[in-house]
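To keep things clear, I will list the structure first and then write my remarks on it.
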Amino acid sequence: MSLLKIIIKTFLLPFRNFKKKILTLYIASSAGQVDGKLVVNGWSKVTSNTTLGNNVNFNGLRIEGKGSVKIGDNFHSGTECLLITSFHNYFTSSKIPYDETYIHKNIEIEDNVWIGSRVLILGGVKIGEGAIIQAGSVVVSNIPKYAIAGGAPAKVFKERDVQHYTKLKEKGLFH
């Protein structure tokens, strides 16, 4: 075994596992509710208005604002994802460009959703079961079940093979 492999096995892998455990504990204690297994591989932030399902996997996801966020089972995120639930009030503000008031909108992400790296999701959005959001997308409107969407703003450009998806779901084959 090379010296580099020995160093990695001896020092770096145990640190990475420790870091993962600390990040997972931090998110579990910050969220309003965690309904099962949670894995946090990269720095993440949630609010007390966040509800997490079972088998939720973050690789670097940040939630900002006072709106609620509900994330279903078997969720996976890429790195540097951002969910924003609060916005400056510009529509009925008492000042220009905005005043001290905020508008809070909720986000709902159903089961078995995968969002790629650097995805931005704005409040008021619902992402349907089994959807996949392409890396770098900006989600400003609802995404239907089984859709594959991407872009800025995100648009549906493909759909999963629903029959195949259903077979995997019935067998309980989740990553």
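None of the figures in this text is laboratory data; all of them are computed from the coordinates on show. Everything quoted here is computed from the prediction, not taken from an experiment. Every residue, glycine as well, gets a Cβ built from its backbone with ideal geometry; the counts of neighbours run over all protein chains shown.
Points worth noting:
- Among the residues of the stretch 125-137, at least one is small (Gly, Ala, Ser), in contact (Cβ under 8 Å) with a residue 24 or more places away in the chain, out of contact with any strand residue (DSSP E or B) (no Cβ under 6 Å at 6 or more places or on another chain) and part of a loop (DSSP other than H, G, I, E, B).
- Residue check, LYS66 surrounded by fewer than 16 Cβ atoms within 10 Å (Cβ to Cβ), among the basic types (Lys, Arg) and in a loop (DSSP other than H, G, I, E, B): yes
- Selected residue [surrounded by 18 or more Cβ atoms within 10 Å (Cβ to Cβ), within 15 Å of the chain's Cα centre (by Cα) and closer than 20 Å to ASN49 by Cα] from ILE107, ILE133: ILE107
- Check on THR92, over 16 Å from LEU38 (Cα atoms), surrounded by fewer than 16 Cβ atoms within 10 Å (Cβ to Cβ) and β-branched (Val, Ile, Thr): yes
- The set of residues in the stretch 64-90 being more than 16 Å from TRP114 (Cα to Cα) and in contact (Cβ under 8 Å) with a residue 12 or more places away in the chain consists of GLU64, GLY65, LYS66, GLY67, SER68, ILE84, THR85, SER86, PHE87, HIS88, ASN89.
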